[in-house]
Amino acid sequence: MDEVKQSRQCFHRGAQVTLRGRYMLQDGREFACRTVDISAEAIAILGATRGEIGERVVAYLDELGRIEGTIVRHFGECFTIEPQVSAIKREWLNFAIGRLVKEHGTRAARRGFAQEVDAAA
């Protein structure tokens, strides 16, 4: 089983929805990215570079906005952040992710974004 599939197993409530965005590491460097899996508890991100485990990250994701978090693990070319959000924002994230899945479906949400991010990364 490859690392991305293994990573998806830890997102028991996550959705395989791809959203474009950008992320900024603690040192101020900013990179284009896309999500691989997303839930209110963890977000798997593919970008040009991975920060260090424990490093603070600010992600700006299309349709979700700004999310601050901490890098908790690496897998393949990706990293996972644990969002540092209030209970209200976590509830909103659950609602927003569910809405995205319903509106776009996981396959529709993934279409076209990977090529743009890969070209930008």
Among the residues of region 78-121, how many are at pLDDT 90 or above, charged (D, E, K, R) and within 13 Å of the chain's Cα centre (by Cα)? 1
Going by the structure shown, is Leu100 touching a residue at least 60 places away in the same chain (Cβ under 8 Å) and either assigned to a helix (DSSP H, G or I) or touching a Pro at 6+ places or on another chain (Cβ under 9 Å) (or both)? yes
Condition check: modelled with pLDDT under 95 and part of a loop (DSSP other than H, G, I, E, B). Does Ala40 satisfy that? yes
Among (1) of a type outside the set (Lys, Arg); (2) in a loop (DSSP other than H, G, I, E, B); (3) modelled with pLDDT of 95 or more; (4) surrounded by 16 or more Cβ atoms within 10 Å (Cβ to Cβ) - the single one Gly54 does not satisfy: (4)
Subset of region 63-81 [surrounded by 15 or more Cβ atoms within 10 Å (Cβ to Cβ) and under 15 Å from Met24 (Cα atoms)]: Ile67, Gly69, Thr70, Ile71, Cys78, Phe79, Thr80, Ile81
Checking Arg22 against (1) touching a Cys at 6+ places or on another chain (Cβ under 9 Å); (2) at pLDDT below 95, the condition it does not meet: (2)
List pairs: first residue in region 46-64 and at negative phi and hydroxyl-bearing (Ser, Thr, Tyr), second residue part of a strand (DSSP E or B) and surrounded by 15 or more Cβ atoms within 10 Å (Cβ to Cβ) anywhere in the structure, Cβ distance under 6 angstrom, at least six positions apart or on different chains. Tyr60/Gly21; Tyr60/Arg22
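The values are calculated or read from the model by the stated rules, or taken from the named source; none is laboratory data. None of these values were measured; they are calculated from a predicted model. We place every Cβ from the backbone using ideal geometry, glycine too, and count neighbours over all the protein chains shown.
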